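The values are calculated or read from the model by the stated rules, or taken from the named source; none is laboratory data. Quick caveat: nothing in here was measured; it's all calculated off a predicted structure. Cβ: placed from backbone, ideal geometry, glycine included. Neighbour counts: every protein chain shown.
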Amino acid sequence: MQILMMRQLTRRPSPARATRPLRRLPAALLAATLALAGCAASGSSSDEARHPAGTVVQVPEDFPTVQQAVDVAREGDTVLVHPGVYPESVRITKPRIVLRGTDRNGVVLDGGVRLVNGITVTGAGSVVENLTVHGYLANGVLFTGVTDEHLQRHGAGGSAYDPLDTGRFPPVQGFRASRVTAYDNGLYGIYAFDARGGVIEDSYASGQADSGIYVGQCKPCDTLVHGNTVERNAVGIELTNASDGLSILGNRVVDNRVGVTVNSNDLESLAPQHGAVIAGNVIADNNAADTPEQADGGFGIGLGIGGGTANQVLRNLVQGNRAAGVIVTDPPGHPASGNRVEGNRATGNGVDLVLASTDPGNCFAGNTPDTQSPDGLEGLAACGAQGRGPLPGGRPATVMAPPGVPFHQVRAPAAQPSLPDPAAPGRPATDLPGPVDPDRYALPTDTTAVPQPR
């Protein structure tokens, strides 16, 4: 079974994929959407509007729309948005802008299932925090070095070319998403593509037709994803061609179709994926039927590595995923190699640990599984073993995926914790992610809470 790793919604689909629901916008709808997005993103230029005194630009006190306030803001300013529904797409192109809501649940950017991206950030060191984005045809929040607006409007950073021209579009340096609620968007909730030196934290993502949180096409990524809750997405957290300095720590990934995927493929640049640390997460019950359909039909998988290399999967609670808890497999052209799966509690899954890769470099040690495939996996693929050959391919349990639901019909989330002091000075995204210590994240014991560092 080749699990979901090659779905890549935003890349050019094969003829078979082109017929799948939710994968591409119809041409007429896309054309109309682009026109609407262009209108929504336009506003008064900084040449035409007066900058208020100080370093805070307020919406709607100073300007009626978020985009007008962002256009006027200067480097280092905070754009402070007060409660209301803002039916617009916002582009942040200046560096070190902090876009912040005063009330995470009351400040809502609403795409109305007609605009493409909610907030697109190409300005280095910029921040999006303490607000909600939902109902966009592509992404809730996109951080990217792709500055071509036409390409962005096709859905995301890498949708209109493959692979990315990394010379033309160097990665945006420095980004942060904090206390963002992203729900019911057509591709990704929070999307970092061609971006490095960032943090995605304390956020919530549900109802995305692809992934709640996606980190893609960065090397090194130097990115930390921690303290987030992702649920009722097609895929919870996805990493594709995302390498080095990438840490996925202390997240709660539950009730998606698939929990976490780590992929290499040639539809994007910078393959193979390499060197992520995935530690101290809850990855449970990823079998939810009230979710958008996954592109390649993946369902009931906790954590899948498809062609990733030299990743560390440490101290995760992986429970109740009907097909497989942890599975390592080889997509075409990208053998999974050098992956270390250690100290996890995998229990109550269809098969707890599965090694479907033929590469002898992957190892399993110190886990507490009930079932393994092939039988005796931890002994056959023990870490530190020398000179062993390929193992017989393991298999997950067979699970029939139920029909999906339209992304915009996934139920809205409950209110999420807001920033305690929204009037505090803004903090741009510089020198991130800072010190990262995976050892602070112990093996979780509770599937209902977001894991906390010790």
Quiz item: Can you spot a residue in region 360-380 that is touching a strand residue (DSSP E or B) at 6+ places or on another chain (Cβ under 6 Å) and closer than 30 Å to ALA195 by Cβ?
Solution: yes
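For region 332-349, how many residues meet the condition of being assigned to a strand (DSSP E or B) and among the hydrophobic types (A, V, I, L, M, F, W, C)?
Of the residues in region 332-349, the ones assigned to a strand (DSSP E or B) are 337, 340-342, 345-347.
Narrowing the set further to residues that are among the hydrophobic types (A, V, I, L, M, F, W, C) leaves 341, 346.
Counting residues in region 332-349 that are assigned to a strand (DSSP E or B) and among the hydrophobic types (A, V, I, L, M, F, W, C) gives 2.
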Practice problem: Name every residue in region 399-425 that is in a helix (DSSP H, G or I) and surrounded by 14 or more Cβ atoms within 10 Å (Cβ to Cβ), in order of residue number. | Solution: PHE407, HIS408
Quiz item: Across region 65-74, what is the number of residues that are surrounded by 14 or more Cβ atoms within 10 Å (Cβ to Cβ) and assigned to a loop (DSSP other than H, G, I, E, B)?
Solution: 2
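Among what's in region 95-137 and is touching a helix residue (DSSP H, G or I) at 6+ places or on another chain (Cβ under 8 Å) and part of a loop (DSSP other than H, G, I, E, B), pick the residue that is nearest to THR181 (Cα to Cα). Spell out how you get there, then give the answer.
From region 95-137, those touching a helix residue (DSSP H, G or I) at 6+ places or on another chain (Cβ under 8 Å) are 97, 99, 109, 113-117, 120, 135, 137; that's our starting set.
Checking the rest, the ones that are also part of a loop (DSSP other than H, G, I, E, B) come to 97, 113-117, 135, 137.
Values: ILE97: 19, VAL113: 17, ARG114: 19, LEU115: 18, VAL116: 17, ASN117: 15, GLY135: 12, LEU137: 16 Å.
Applying the filter and picking the extreme gives GLY135.
Inspect all residues belonging to region 419-431 and state whether any of them is among the β-branched types (Val, Ile, Thr), farther than 30 Å from ASP110 by Cβ and touching a Gly at 6+ places or on another chain (Cβ under 7 Å).
At the first step, the residues of region 419-431 found to be among the β-branched types (Val, Ile, Thr) are 430.
This time we only want the ones that are farther than 30 Å from ASP110 by Cβ, so: 430.
Of the ones still in play, those that are also touching a Gly at 6+ places or on another chain (Cβ under 7 Å) are 430.
Looking through region 419-431, at least one residue is among the β-branched types (Val, Ile, Thr), farther than 30 Å from ASP110 by Cβ and touching a Gly at 6+ places or on another chain (Cβ under 7 Å).
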Practice problem: Could you grab the pairs with beta carbons closer than 9 Å, sequence gap of 6+ or different chains, first residue in region 297-314 and outside any loop (DSSP other than H, G, I, E, B), second one surrounded by fewer than 24 Cβ atoms within 10 Å (Cβ to Cβ) and among the basic types (Lys, Arg)? | Solution: ILE301/ARG322; GLN312/ARG340; VAL313/ARG340; LEU314/ARG340
Quiz item: How many residues does region 95-145 hold that are surrounded by 24 or more Cβ atoms within 10 Å (Cβ to Cβ), more than 17 Å from SER418 (Cβ to Cβ) and without any contact (Cβ under 8 Å) to a residue 40 or more places away in the chain?
Solution: 2
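Only one residue in PRO396, PRO438, PRO428, PRO444 is surrounded by 10 or more Cβ atoms within 10 Å (Cβ to Cβ), farther than 27 Å from TYR183 by Cα and within 24 Å of the chain's Cα centre (by Cα), so which one is that?
Working: PRO396 fails: within 24 Å of the chain's Cα centre (by Cα); PRO428 fails: farther than 27 Å from TYR183 by Cα; PRO444 fails: farther than 27 Å from TYR183 by Cα.
Answer to the check: PRO438.
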Quiz item: So ALA382 clears everything in (1) more than 24 Å from the chain's Cα centre (by Cα); (2) farther than 24 Å from ASP439 by Cβ; (3) hydrophobic (A, V, I, L, M, F, W, C) except one condition, right? Which one?
Solution: (2)
Practice problem: Give the residue that is farthest from ARG257 (Cα to Cα), with candidates limited to residues of region 200-213 that are of a type in the set (Gly, Ala, Ser) and assigned to a strand (DSSP E or B). | Solution: ALA205
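Output the residue which, of all residues in region 293-308 that are farther than 17 Å from THR398 by Cα and surrounded by fewer than 23 Cβ atoms within 10 Å (Cβ to Cβ), is modelled with the lowest pLDDT. First the steps, then the outcome.
First, pick out the residues of region 293-308 that are farther than 17 Å from THR398 by Cα: 293, 295, 305-308.
After this cut, where a residue has to be surrounded by fewer than 23 Cβ atoms within 10 Å (Cβ to Cβ) as well, the list is 293, 295.
On the way: GLU293: 92, ALA295: 80.
Ranking the candidates gives ALA295 first.
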Quiz prompt | Criterion: over 26 Å from the mean Cα position of the chain (by Cα) and among the hydrophobic types (A, V, I, L, M, F, W, C) - qualifying residue of VAL59, VAL79, VAL70 | solution = VAL59
Practice problem: Would you check if there is a residue in region 350-359 being loosely packed, with under 15 Cβ neighbours inside 10 Å and either free of Cβ contacts under 8 Å to residues at least 40 places away in the same chain or not in a loop (DSSP other than H, G, I, E, B) (or both)? | Solution: no
Practice problem: Read through the list (1) under 19 Å from GLY308 (Cα atoms); (2) in contact with a Gly (Cβ under 8 Å, 6 or more places away or on another chain), then give the number of the only condition that ASN287 fails. | Solution: (1)
Quiz item: Within region 350-359, is there a residue that is touching a Cys at 6+ places or on another chain (Cβ under 6 Å) and under 28 Å from ARG440 (Cα atoms)?
Solution: no
Quiz item: Can you name every residue in region 335-348 that is surrounded by fewer than 24 Cβ atoms within 10 Å (Cβ to Cβ) and in contact (Cβ under 8 Å) with a residue 40 or more places away in the chain?
Solution: ARG340, GLU342, GLY343, ARG345
Quiz item: Which of the following residues is at pLDDT 95 or above and within 22 Å of the chain's Cα centre (by Cα): VAL90, VAL85?
Solution: VAL90
